[in-house]
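Take a look at the structure set out below.
The values are calculated or read from the model by the stated rules, or taken from the named source; none is laboratory data. Everything quoted here is computed from the prediction, not taken from an experiment. All Cβ positions, glycine included, derive from the backbone under ideal geometry; neighbour counts span all protein chains shown.
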Amino acid sequence: MPDPAPLDVRAREPADLAACVAIAEEVRRTDGYPSFLGDGTLESFVSPDDALGTWVAVLDGRVVGTVALRPRSAPASAALATGTLGVEAERLAFVARLMVAPGARRRGAARRLLDVAVGEARRRGLVCVLDVVTHDAAAVELYEQSGWRRLGRNVITLRDGTELPIETFAAPPGPSRDPAPPYRGEGPFALWHVSEDPSLSRLAPRVHPRHPGAGGLVWAVDTRHLPLFWFPRECPRGCVWASAATTPADREAFFGMSDATRLHVVESSWVERILASRLVAYELPPGGFEPHDEVGGYWVSREPVEAVGRVELDGLVQRHADAGFELRVTPSIRPFWRRVVASTLEYSGMQLERAAAPEEPPG
Ligand SMILES: CC(C)(COP(=O)(O)OP(=O)(O)OC[C@H]1O[C@@H](n2cnc3c(N)ncnc32)[C@H](O)[C@@H]1OP(=O)(O)O)[C@@H](O)C(=O)NCCC(=O)NCCS
């Protein structure tokens, strides 16, 4: 039996535009999508000016589907998404213009297009959502089957007075944790290895005790996740933030009394050591690194790596304040951590095996 036809999804090129417009014409005839074009044309519809990315699905060498990622959608659905997810409108990315030619359906093209658009949103640190007209049954089924979460419904009124019922969905949590939110003063993307040793230069691959099967690796963390290391190396700490998958109840319970975007919790016995700590963040060349596929924000290299720069990290408490994080000092981290791991928050706990033993109940 011949292999099934290869399905490819790639960034859209100018030469693909005519094929995308032809798909849109056919989809409009057969499915009535898009329901409205306003003053625009199908060409402007498939190529929104503000797109963060556009992709095509190619089957048997033919463009059969397309999708775009946009920073905005109907104001009512943006308001619904910001309200239910608790993220600012600037952190949303909307999947839009998803369509597959009728002759190429049920072969996984839409699912692949969705995955690529969601991946791009995550790469940019954005929370991915979408709107669907409630009567587009195949699309609703696709989102439900792909694990998207219903956020709620709105009715939008078109310029000709037609009322259009739409439903807003949020993307499912990623295979690895959602990236932490950006922070104030975050520098450009770079890879770092943080150490208490001020004189490192060359890092050799080592077997990590928690990932022995992975072989020898040099581990690095990207700038977005560098604050997980704003602590003495052995300091037990719990770092948490909300993601698209976090429920409003959890958001309220952990962040309801604060504007902070991340909450970092340490034990009282570590305060002096945190205040006195001086660390070095060694900048590593990204060339030989690839992202670790389970632990978001971490990167690994199998080859030895030579540092290309170094930044001293002191004033760790002030760093938290400047970044807009809440740094909480508590006698024992364990009760907090039990709540965190049972919640829908994203989290990173380190050195927790060193946390203070739980207090015995009196009596
Ligand atoms: C919605 C649409 C993009 C789906 O494209 P597709 O390439 O056929 O979808 P996939 O093959 O990736 O489908 C993945 C899954 O979605 C679900 N699904 C897709 N179409 C379905 C349908 N007609 N009925 C029921 N389930 C459907 C199934 O679970 C399917 O998995 P399966 O085939 O293994 O059962 C396509 O039907 C379309 O272009 N519709 C018109 C435009 C539109 O409504 N766009 C959405 C705008 S928000």
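The condition (being modelled with pLDDT under 90, out of contact with any helix residue (DSSP H, G or I) (no Cβ under 8 Å at 6 or more places or on another chain) and crowded, with 22+ Cβ neighbours inside 10 Å) is satisfied by just one residue among ALA109, ALA121, ALA117: ALA121. Here ARG72 passes the criteria (1) surrounded by 13 or more Cβ atoms within 10 Å (Cβ to Cβ); (2) in contact with a Pro (Cβ under 9 Å, 6 or more places away or on another chain); (3) without any contact (Cβ under 8 Å) to a residue 40 or more places away in the chain except the one numbered (2). For region 121-132, the count of residues that are within 8 Å of the ligand (Cβ to nearest atom) and of a type in the set (A, V, I, L, M, F, W, C) is at least one.
Annotation for region 91-98: at least one member residue is assigned to a strand (DSSP E or B) and within 7 Å of the ligand (Cβ to nearest atom). Scanning region 99-111 for residues that are in contact with a strand residue (DSSP E or B) (Cβ under 7 Å, 6 or more places away or on another chain) and more than 7 Å from the ligand (Cβ to nearest atom) yields a single hit, ALA101.
For region 133-148, a residue qualifies if it is within 9 Å of the ligand (Cβ to nearest atom), more than 13 Å from GLY32 (Cβ to Cβ) and buried (at least 17 other Cβ atoms within 10 Å of the Cβ), and the qualifying residues are VAL140, LEU142, TYR143.
Pick from VAL266, VAL305: which is buried (at least 19 other Cβ atoms within 10 Å of the Cβ) and closer than 20 Å to ALA180 by Cα? VAL266 is the lone residue from the list that is buried (at least 19 other Cβ atoms within 10 Å of the Cβ) and closer than 20 Å to ALA180 by Cα.
Of all residues in region 23-33, which are closer than 15 Å to ARG97 by Cα and without any contact (Cβ under 8 Å) to a residue 40 or more places away in the chain? The answer is GLU25, ARG28, GLY32. Summed over region 66-84, the residues that are part of a loop (DSSP other than H, G, I, E, B), within 14 Å of the ligand (Cβ to nearest atom) and of a type outside the set (A, V, I, L, M) give a count of 1. Being within 13 Å of the ligand (Cβ to nearest atom), in the same structural domain as VAL129 (by TED's automatic domain parsing) and assigned to a helix (DSSP H, G or I) holds for only one residue in ALA24, ALA57, ALA18, and it is ALA24. Just checking, does region 285-296 include any residue being without any contact (Cβ under 8 Å) to a residue 40 or more places away in the chain, outside any strand (DSSP E or B) and loosely packed, with under 14 Cβ neighbours inside 10 Å? Yes, there is a match, as at least one residue in region 285-296 is without any contact (Cβ under 8 Å) to a residue 40 or more places away in the chain, outside any strand (DSSP E or B) and loosely packed, with under 14 Cβ neighbours inside 10 Å. Could you tell me whether ALA244 is modelled with pLDDT under 95, touching a helix residue (DSSP H, G or I) at 6+ places or on another chain (Cβ under 6 Å) and not in a strand (DSSP E or B)? Yes: the conditions hold for ALA244.
One residue alone among VAL87, VAL63 is more than 10 Å from the ligand (Cβ to nearest atom), closer than 29 Å to ARG149 by Cβ, outside any helix (DSSP H, G or I) and not polar (S, T, N, Q), and that residue is VAL87.
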